[in-house]
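To keep things clear, I will list the structure first and then write my remarks on it.
The values are calculated or read from the model by the stated rules, or taken from the named source; none is laboratory data. The shown structure was predicted, so the numbers you read here are calculated from the model rather than taken from an experiment. Cβ coordinates were reconstructed from backbone atoms using ideal geometry, including for glycine residues, and neighbour counts include every protein chain displayed.
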């Protein structure tokens, strides 16, 4: 079972409801503000904060929460999800690449580190996220998985540093940005030169080997 919620208290409500289900061992995780909360247990401070802020005892939907009833064709925002070994490290890389920032800290916490410390041990550090501070670009979400990357990505990001540029000027822009990204842990793979149909682009890898292009 997988439920998506928009507020930390809703996530904790969901977890406690799942824990109280006799079949909870067959259930999955709750995604909250970019952090997977595994339904093994909830720490005592989280429970106290939850019970202090719940609006209706026994209610499955806190006051003010809305059901989604619109057509899926009207959804205009997307999130790009990365499978990785170290979510925070990959997130920090992409924050530096794109000028992204962490999502707002959940209510009741001083930092995302404090929030992460409240999670079950095996869930700590299992997810991270970053987002465009101007709300234009897609949100990026990073989740820890046990398997390593083995083949080329079927989906990749294009970092568009050469827009409006052609020829040597375009390639020079790639080289300058590639040099900056290499100091962050990226690795350049190959330059694809311009031809009759396509402009040049530079293929690179992030800190865990995920391919992306300077375009």
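Below, the figures for the structure above:
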{"quantity": "Any hit, region 111-130, residues being loosely packed, with under 12 Cβ neighbours inside 10 Å and part of a loop (DSSP other than H, G, I, E, B)", "calculated": "yes"}
{"quantity": "Lone qualifier among 133, 107, 146 - being in contact (Cβ under 8 Å) with a residue 40 or more places away in the chain and in a loop (DSSP other than H, G, I, E, B)", "calculated": "107"}
{"quantity": "Filter pass, residue 144 being touching a helix residue (DSSP H, G or I) at 6+ places or on another chain (Cβ under 7 Å) and closer than 21 Å to residue 83 by Cβ", "calculated": "yes"}
{"quantity": "Close pairs from region 182-202: first within 18 Å of residue 90 (Cβ to Cβ), partner assigned to a helix (DSSP H, G or I) and modelled with pLDDT under 95, Cβ under 8 Å, at least 6 apart", "calculated": "none"}
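To keep it simple, each residue is scored yes or no on (1) surrounded by 14 or more Cβ atoms within 10 Å (Cβ to Cβ); (2) within 26 Å of residue 185 (Cβ to Cβ).
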residue	(1), (2)
77	no, no
82	yes, yes
96	yes, yes
108	yes, no
